[in-house]
Amino acid sequence: MKEIDIGKVSRRTGLPASTLRYYEEKGMIRSIGRNGLKRVFDESVIQRLTLIALGRGAGFALDEIASMLNAGTQPAIDRTQLQAKADELDRSIKHLSAIRDGLRHAASCPAENHLQCPKFQQLMSLAARTTARAKAKPAA
């Protein structure tokens with residue numbers, strides 16, 4: 001078992017020590033002791049931090065990631081949860097693609113006034129529906 005101190009973990013992952021301490025407080029990672037005042041981790045912490053970064057990049061909340069990591073020594077990744085997140089990302093991609101396409105059209109639209117352009121009207125309608133849905137959604 002190779003040990004690395006918090007400074008080396010920070011340098012290898014690009015995460016500040018404060019984030020590492022926070023993750024430890026949430027139970028997502030665990031130090032194995034101290035070397036003076038510095039926390040010391042097993043080298044396997046790098047893999048756990050990589051999983052956390054992957055989860056964050058996919059849009060999982062820290063609590064969701066923590067529940068997958070806290071199951072024991074090995075992560076317990078819920079495949080149903082992964083599928084639901086992938087479906088959510090598909091919806092986001094579709095939505096953002098529609099906005100991108102509308103913006104590109106608006107940028108090159110020959111209409112004198114964007115408000116006269118049917119494609120721009122669709123973009124505005126999409127934005128209005130998105131805003132209304134966001135306001136109607138209960139706070140998590």
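Odds and ends about this structure:
- Per-residue Cβ neighbour counts within 10 Å put V45, V9, V40 in the sequence V40, V9, V45, beginning with the fewest.
- Comparing L20, L123, L51 in a Gaussian network model of the chain, where Cα atoms under 10 Å apart are tied by springs, the biggest mean-square fluctuation is seen for L123.
- Principal axis box of the chain, alpha-carbon based, largest edge first, Å: 70, 30, 23
- Geometric extent, Cα atoms of the range 3-69 - Rg, Dmax (angstrom): 11.4, 37
Rule-based calculations on the coordinates, nothing more; no lab input. Just so it is clear, the structure is predicted and the values come from calculations on it, not from any experiment. Using ideal geometry, Cβ is built from the backbone for each residue, glycine included, and neighbour counts are taken over all protein chains shown.
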